[in-house]
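Okay, structure first, notes after.
The values are calculated or read from the model by the stated rules, or taken from the named source; none is laboratory data. As the structure is a computational prediction, the values presented were derived from the model and not from experiment. Here Cβ is always computed from backbone atoms with ideal geometry, including for glycine, and neighbour counts include all displayed protein chains. The protein model used for the area step is the full one, side chains on, heavy atoms only, and it has no ligands, DNA or RNA in it. Shrake-Rupley method; radii C 1.70, N 1.55, O 1.52, S 1.80 Å.
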Amino acid sequence: MTNPVQAPALVELKAVNKHYGALHVLQDINLQVKKGEVVVVIGPSGSGKSTLCRTINRLETIDDGSITIEGKELPKEGKDLATLRADVGMVFQSFNLFAHKTILENVTLGPIKVKGVSKADADKQALALLERVGVGHQSAKLPAQLSGGQQQRVAIARALAMKPKVMLFDEPTSALDPEMINEVLDVMVELAKEGMTMVVVTHEMGFARKAGDRVVFMADGQIVEEATPDEFFTNPQSARAKDFLSKIL
Ligand code: ADP
Ligand code: MG
């Protein structure tokens, strides 16, 4: 018998712990995300999902354990940190676009400032990305002139413009009006199909089933359960997961 070749983890968290004062917000978290994998993180409010995302691009520090991207520890500061932020794209619940910059400028700023791309090249790439997420014709507008769904798609384009190795999404549709949720999820499903490595905090079961390779269920700072989306939604194992699903489904 030969051993199957193990794809190395693109993102790996080993025994990660974090406290906010007395609150043990991440408790001994072990998680591997392989290249091309889509991991959906689900769990009650306050369970540590956002904190988990924020530690992966080092918006938050950890107390102990290790986080590696392609085997390399996260950098602590300086230029390496800017490179890490480029490698790890993040899309937040509240789009976080620069209000006083045009849609195009929102997308080109990172590549020009952090990656040293020329304005002409950055513009060209940004327009192609905006086209891809369906807002190409809005590039000269300001964020406030766009709907929430459109702004969130711009936020996705902005993260993609840095050519990230992995994309983190923290409840990207939970601030949107219902009719705009699918236009954002559709872009994410496409991204997943194209092979992007993704960590997605969401309670959108349709997305998890369509695009998710694995569901990670968190409660009280711990990973309580990991399963395929089908297994998780039809046959959750833990009492915590059963209780949570009975409330959201
Ligand atoms: P989730 O995203 O699953 O709702 P969070 O990661 O946002 O959970 O928060 C987990 C817990 O940590 C919550 O109890 C929250 O109040 C607390 N928390 C989050 N950020 C901070 C912070 N900067 N300082 C202190 N406590 C925080
Ligand atoms: Mg959160």
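Pairs linking a residue in the range 210-232 that is farther than 25 Å from Glu190 by Cβ to a residue that is open to solvent by 40 Å² or more (accessible area, probe 1.4 Å), with Cβ atoms under 6 Å and 6 or more positions apart or on different chains, are Phe217/Val224; Ala219/Arg240; Gly221/His24; Gly221/Gln27; Gln222/Gln27; Val224/Arg240; Glu225/Gln237. Being at pLDDT below 95, away from ligand 1 (no atom under 16 Å from the Cβ), surrounded by 13 or more Cβ atoms within 10 Å (Cβ to Cβ) and closer than 30 Å to Ser238 by Cα is a description that does not apply to Ala82.
On the stretch given as the range 87-111, residues that are farther than 15 Å from Gln152 by Cα and within 13 Å of the chain's Cα centre (by Cα) total 2.
Conditions tested, residue by residue: (1) touching a residue at least 24 places away in the same chain (Cβ under 8 Å); (2) away from ligand 2 (no atom under 13 Å from the Cβ).
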residue: Cys53; (1), (2): yes, no
residue: Ile56; (1), (2): yes, yes
residue: Ile67; (1), (2): yes, yes
residue: Gly71; (1), (2): yes, yes
residue: Pro75; (1), (2): no, yes
residue: Leu84; (1), (2): yes, yes
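Annotation note: Cβ proximity below 7 Å between a residue of the range 17-36 that is under 16 Å from Phe217 (Cβ atoms) and more than 9 Å from ligand 1 (Cβ to nearest atom) and a residue that is among the hydroxyl-bearing types (Ser, Thr, Tyr) and open to solvent by less than 60 Å² (accessible area, probe 1.4 Å) (sequence gap 6+ or interchain) occurs for Val33/Thr197. What is the residue count in the range 27-72 for residues that are closer than 17 Å to Val199 by Cβ, acidic (Asp, Glu) and either open to solvent by 50 Å² or more (accessible area, probe 1.4 Å) or out of contact with any Ser or Thr (no Cβ under 8 Å at 6 or more places or on another chain) (or both)? Total meeting the criteria: 1. Pairing residues of the range 91-105 that are without any contact (Cβ under 8 Å) to a residue 12 or more places away in the chain with residues that are open to solvent by 50 Å² or more (accessible area, probe 1.4 Å), at Cβ distances under 9 Å and at least 6 apart in sequence or on separate chains, gives Glu105/Phe98.
Restricting to the range 94-113, what's the tally of residues that are farther than 15 Å from Lys163 by Cβ, among the hydroxyl-bearing types (Ser, Thr, Tyr) and modelled with pLDDT of 95 or more?
To start, the set of residues in the range 94-113 that are farther than 15 Å from Lys163 by Cβ comprises 94-106.
With the extra rule that they be among the hydroxyl-bearing types (Ser, Thr, Tyr), the set shrinks to 94, 102.
Still in the running and modelled with pLDDT of 95 or more: 102.
Number of matching residues: 1.
If we scan the range 114-130, do we find a residue that is modelled with pLDDT of 95 or more, under 15 Å from the mean Cα position of the chain (by Cα) and either basic (Lys, Arg) or loosely packed, with under 15 Cβ neighbours inside 10 Å (or both)? Looking through the range 114-130, none of the residues is modelled with pLDDT of 95 or more, under 15 Å from the mean Cα position of the chain (by Cα) and either basic (Lys, Arg) or loosely packed, with under 15 Cβ neighbours inside 10 Å (or both).
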